Each structure stands twice: as structure tokens, then as C-alpha cells.
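First the structure, in the form of C-alpha cells, and then the observations on it.
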DNA sequence: CCGAGTTTGTTCGTACGCTTTACTAACAAA
DNA sequence: TTTGTTAGTAAAGCGTACGAACAAACTCGG
């Protein structure tokens, strides 16, 4: 009743209206805040958490009590060292209390998956060859792989994360994945119905981007480019995935690069990014080239990626681009060439801080990204 | 104490942790929700608002009481028509109760400004020639223009919105605006100190993008490209501005377009987007061309814009691009050529719904965008 | 005309979340 | 032992939203 206009002005800036917010939502948010603090920093006292979150010690104690009761947190003993005052009781996430199943459906020859702990450490792996399966058969294979992994878990499962090729909507339905013959394949519902666990499904490049954010040390804005049989990207803006209209964000494989022609692509256009970068074509070119020819080929391919990305870098003010794909192809000359091309085609002064690098997460990036999705959806942690 | 894991899972998805959230923040959010509902739909009863927001009638009544007391809402009489039940008391925003000052510093010859009502209708205009002023002189001129407009307001002023060229940070400091000789010019602080009113400062293209979102009917994801003496863009993703690293998002003027050379740019590179599109160059080319030559020139310029935007469209899954600039140059052939180029250089099937059009807001777009910023910051409305 | 049914908006009591204040516990330093 | 500091808890209070119940005001059918 006594809200002043000034207060309203200040608070209006913070939140933009979409749906109603109740106090219990605030509670859930603050709960995640506590978890997040411990997830990242580890081994903090209630008072420490209160200081870093801005919540009072009382509130933190209350939230921590809940989280301990639910098994997410444990007290790990008193803080070492001699300081005045009552010694602090350290808390940490119980990183072994729950496990996550991460599934990667993006390889062209096999479905791969893993059991991970809450830190994203891979505890077990499994793999099933696709052998040309498509449609419902492919979906069944993915479910089987997941069942196998679930039977190998040794702790309650927080959820199942799936990184799928193609276009995936927010409900976890694969709208279109030509290689697997999927159209409107309701992966989320199939997994959920079969296993009765929380399930998160996303595009493989998006999952990879989340992995790089969660485990690879990337912050804020990030573009992750996956180069394999196709070329796709995932964009993270302010830590949030970008989906775009019709969930088609990141579909850069069939963007025409340059104004000097190029090979004809399966899509009908000439000079698509995939005609320059897709690994089967790169390998074919490289197999019939001498060492210096190899460098030329990789330099040219990297240059083409740079030409395609330069406008995106400029438009988004991107400062971090990460590549995922076969390191032997794109790890050296290719990356350097792409970086140099972007640098030469954009305003230098605007982003002296642009970085372009290979991911350090290797081939596990999608599975680990799938784990990040589960952590994020389940605990609000990443 | 009795929060179940299931509830936590659901709530974790909705909000991602950044800072603590208190019940009063939720209140502010719901408050904006009520305002937003009335701002858009107008003439609704408390019960109507309750239905559309999901809040209860009780809560809505409480919020409305606050907002009436503060002068934002008024009761406009009973609903017409005969229906069973107690007649509804209609509410509306008091769109004349407050005014907004919007300032556009982006034109190369003059600073322009206006007094607007809460609907974004322009009530008064003012303009001051720049006459080559730079640095502190230019800032003083902007303040004078604002002072003049403030003296012409006929209602309490909700705030001052400023659209400035160059790179603007979140604190409203113009980090770099070469044309005005500004480097780290603290516009927000200067306006705030002089007038003691809420002030919002943003890049002109960003302001324009917000105008298109607020008044031009654009939804969700939007890229607004401003073409004038320079070329810049503003990106709205999910209704939120994209800033990028070093606040450099949208700086596409000096991205090299194509792989076939181009004119040398003032920045030192060859073939920058501005060398193809900047209006002085376009006008110079057009002045010495016959009618069919004019079409060729505009077609080529549009094509270059399309070449630059195609990768951005693909990467972001953009579905709406709006152009702002001199309609006589870029309104016809140019737009068509740009659209056709993008369509030909991206995956057709992914965005049959791509639209590329001129803004309908004309030269007032930045001032009206500045008003949107004030509305958004002040009331959470847009 | 009157009662039944409907819709609106308010009042009252309740549940929840976080804060402030005040307390106890446990330590170091003088 | 005294003083001061820090950690964690308990109690009380305030703000926010909700459900239940109600009065007001209308339509409609008999």
C-alpha cells in the first residue's frame, strides 16, 4: 500500500513480466542460488553462503536444512585453521548422492552415452552401433542404450539428458533429423514414459555449448561450432541458449560462404559452408594431397569458416568461439586460419579479446552437455 | 521444510540464479504484469486482469489499489452491455498522467527530441543543430535540448530516454562515439545530475529495435539495421537487447562483405559493409547514374547487405529484420534485393517465415525507442 | 414482483518467506 | 578471567499471495 514510485521504478528494471511470480518461486530461486554457490566454490559455511548470496544467515540456514534433508548437501566438518569466533561448519554438495545419464545421438555411426556424477565426471560409458537404423528403430536403440546405462547407476538418478542431431523444440521433440529419419519424433515423451525420470532433450550443438559453459570455463556469450558430417552451431547468450524462430538457430551448415561460387551442395545451393568444411569432404581432399597441399586445404577451409562467422561475430559482439570436431583435422592450421580470417574481416579494435579455440572436452562434449542440462533443469546449477 | 524434490525440479527450470530474489521483487514483477496487461489491452476490469495474469482477484485488487494511488491507473466507468452479475468497473492506464522525453543524438546534423505520452505519441518536438560541436560542447547541447523539452511538458515526467550513436555501456556511458568526439562520456550521470529524473541511455540502433518491438508490432527476435552515414544494428532476442562483449553487438559497419574485394574503407580494410551501403556513398553513386543504372546500384547494395546478414540469419534463426534509414534510398529495390539475397544464401526450408522490411516508424524511431526504454525501466511495460 | 443464479470486488483469516533482533556456542587475544 | 569476534539458531514481525466467505448489482425465469 505504501510502495513509492521510486521503488517501483527500481524494481521494474529488474524483472520483465511474463507470468506471475509467487513467493514460492523466489524460494526456489534462492534455493538454487545456495546450491550454485556450493557447486562452484565447494566447502563453504552457511555464513559464507550468506555473504556471497546476500541472503541472511537465518535464511541460508533454513534453505540448507531443506537441502540436507533432501540429500543434496552434507556437512563436511569444521573449518581448519585458528580464527576467533565459533568455528564454521563446512558444507558441500554431496556429489556422489546422485548420478546423471547423458546420451549423445549425434555421431554418425553409433549412439554413445555415459553415467556421470554431479561434477560431470564420467563414471561409465556405453555405446551402440546405429547400423543404419532410422525412425522408430533408431529411437528404440537410444532407449535401449539409456536402459543399459540406468542399470549401471549406483546412486539415485537426477535425470536423463539427451543431445540429438537436428532441430529440437522446447518440449524435447525432434522436429527434423534427416540422418536418423526423424520427423516430429517425441524423444522426451518416449524417454519419460519408459523410465519415469526427468528428461531433457536438446540439439547436440546446444548441449555442447552448455558443456563448454559448465565445464570448459567459457562465460556469458559463446558460440560453439560443431564440425563433422555436417556443420552446426549452438549459441549461448548470457548463459542462456538461443533458439531462434522455428528452433533453427545454429543451422549454419547451408549458409553460402563468399561471392566466388563453390561446390554444389546436396541442398541445391553452391558454396554452402558444409561444402567447404564437412569432414568427409575435407578428408577426401586431404587424402590426395602432399604435405604443403594439406596446409593449403586446411587454410582455405578455415578461411571459409572465418568468412561465415565474421558477420556473426560483428553482429553479436561475440568474444568466444569454440570448435568441436576431429582435432586432427581442425585443431591446428584450420583454427589459426579461421581466427586470422575473422580478425581481418571485423573491426579489430572492437574485440581484441576474441578467442577461437578447440574445445578441451573432446568427444565427450555432448554427453557432458547433456549432464549440464539435467543439472540446470533439476537443481538450477551449472 | 517440506519442499519435495519434484517441486524443486520444476522451479529450477524457471529461474536461473544470479542474485537473491525477495518477495518484494515478486510483488514488483506482478505489479508490472498488471500494468502490462492494461497497457496492451486497455479497459479491463480487475477480474479480467486476474484471469489473464493468473493472479487472484484479491491480489489484483490490491495491486490496482496501489497503482491507482500512485496515479498510474484510473477507473473509467462501468462496462457497457447487459450481462448477469455485478457490472465490472473498467480500468485503464492514465496515459496522460505522465510524459516522457525522448532524445535522438544519432543524426549527423542535429540533435532531435520530443515529448511523448505513455502511448508513445509525440506531443512536441524540438531540434538543435550540431554545427560541428564535439566532446563536452556536444554533451551540453544534448542537455540543453532536453531542458527545452522538459520545460514544455504538461504532466509529471516519467523519465528521459536517450538514443546515442556509438558504443554505450549499461551505466549509460558512451564509451566511444567518434563522430561526436566522445570517449567515456558519462551521459547518464550528466542528465541525471542536471534534471534529477530517471534517465536511460542506449545505443541508437538498440533504441530503434526497442521501438520496433514496442510500437512497430515486431515480436520476440528482431534485428534492426540502421543505414545512414554509418551502418549499425540492434538485436532483440526474446524481447531483450543483446549487448555482446564490450557492448559491441550490432557493430556490423566494418565487417568485410564478400570475397571479391571492394573499396577501401576509412577503417583501413577493403569491402566493409559501410563502403557498400553508407548513404553518402550511395547518393554519390546514384547522382551520376541513369535510371537503369540506379536500379543496378541499389540492387548491388542490397545484395551486399544480404550477403552480410545471411550468416547472422542462419546462426540466430532470425525471422524478422527491419531496416531504418532514408526510405527513398533503401525502401524499394534495395530491400527486395537484400531479401532475395538472404533467401538464396540460407536454408530456404528453415525460415519460410523470414521477413525483411522497412520500419513504419520513420525518422522518429529512435526517439520513440527512447520512450520505450523509459517505459520499460520505469513501469516494466512495453 | 420475487427468488435463483451469476459476476464483481472486498474483507477476513491463513500460509509462506525473508528479515530483524536477540540469543547461545565456541573460539582467540589480552 | 575478560573482552571481542564469528557461527548458527530462535522468536517475532512484516510483506505477499491465497482461499473462503460475503455484499453488491445485475439477468432471467416464473
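Per-residue Cβ neighbour counts within 10 Å put B:210, B:354, A:170, A:105 in the sequence A:170, B:354, A:105, B:210, beginning with the fewest. Only beta bridges with both residues in chain B are counted; by DSSP, about 65 percent of them are antiparallel.
Sorted from closest to farthest, the other copies place their residue B:340 label points 3.8 nm away, with each point set 7 Å from Cα along Cα→Cβ. Taking only the Cα atoms of segment B:250-300, the ratio Rg/Rh comes out at 1.00, with Rh defined as the Kirkwood radius.
Over every Cα atom in the protein assembly as shown, the radius of gyration and the widest Cα-Cα span, Dmax, amount to 27.7, 87 Å.
Among A:117, B:137, the order by Cβ neighbours within 10 angstrom, fewest to most, reads B:137, A:117.
Treating r as the C-beta distance of residue A:263 and residue A:344 and R0 as 25 Å, the FRET efficiency rounds to 0.55. The ranking of B:365, B:227, A:68 from fewest to most other beta carbons within 10 Å of each one's beta carbon is A:68, B:227, B:365.
Beta-bridge orientation, segment B:132-256: approximately 70 percent antiparallel, per DSSP, counting only bridges with both partners inside. Computed on segment B:63-218, the Cα convex hull volume stands at 139 Å³ per residue. For chain A, the normalised intensity computed at q = 0.06, 0.11, 0.12 Å⁻¹ comes to -0.28, -0.87, -1.00 (log10 of I(q)/I(0), Debye sum over alpha carbons, equal scatterers, no solvent).
One quarter of the convex hull surface built on the alpha carbon atoms of segment A:172-241 amounts to 5.4 nm², the projected area averaged over directions. A crude spin-label estimate for the pair residue A:83 and residue A:20, with each label 7 Å from Cα along the Cβ direction, gives 4.4 nm.
Where both bridge residues fall in the protein assembly as shown, DSSP classifies roughly 65% of the beta bridges as antiparallel. The ellipsoid that matches the Cα gyration tensor of segment A:239-382 has semi-axes, each √(5λ) in whole angstrom, of 27, 19, 17, with the longest given first. Summary value for segment B:13-105: 27 percent relative contact order, contacts being C-alpha pairs under 8 angstrom separated by 6+ residues. Divide the volume of the convex hull around the Cα atoms of segment B:321-381 by the residue count and you get 102 Å³ per residue. The stretch between residue B:40 and residue B:183, if pulled fully straight at 0.36 nm per residue, gains 47.6 nm over its current Cα-Cα span.
Mean sequence separation of contacting Cα pairs (under 8 Å, at least six apart), scaled by the length of chain B, corresponds to a relative contact order of 15 percent. Counting from the shortest, the label point at residue B:68, 7 Å from Cα toward Cβ, is 4.9 nm from the same position in each remaining copy.
Taking all Cα pairs closer than 8 Å and separated by 6 or more residues, the relative contact order of segment A:87-208 comes to 24 percent. Helix-only arithmetic for the protein assembly as shown: the sum of -39500 (n - 2.57) across DSSP H runs with n ≥ 4, divided by the residue total, places the mean residue ellipticity at 222 nm at -13000 deg cm²/dmol. On full extension, the segment bounded by residue A:134 and residue A:57 gains 22.2 nm, given 0.36 nm per residue less the C-alpha separation. For segment A:278-324, the calculated P(r), taken from all Cα-Cα distances in 5 Å bins from zero up to the bin holding the longest distance, is 5, 19, 23, 20, 14, 11, 7, 2 percent. Taking 0.36 nm per residue of sequence separation and removing the Cα-Cα distance, the residue B:153/residue B:295 pair yields an extension gain of 46.6 nm.
The smallest convex shape that holds all Cα atoms of segment B:41-109, its convex hull, gives 144 Å³ per residue. For segment A:192-265 versus segment B:196-218, the spacing of their alpha-carbon centroids is 30 Å.
Length, then width, then depth: along the principal axes, the Cα atoms of segment A:93-161 run 42, 16, 15 Å. Taking the square roots of five times each eigenvalue of the Cα gyration tensor of segment B:130-224, the equivalent ellipsoid has semi-axes of 22, 19, 12 Å, listed largest first.
Enter the Cα centre distance for the pair segment A:36-90 and segment B:117-162, rounded to the nearest angstrom. Answer, in whole Å: 51.
Any read-out appearing in this document is the output of simple, stated calculations on the displayed coordinates, not a laboratory observation. Values in this document were obtained by computation on a predicted structure and should not be read as measured data. With ideal geometry, Cβ positions are generated from the backbone for all residues, glycine too; neighbour counts draw on all protein chains shown.
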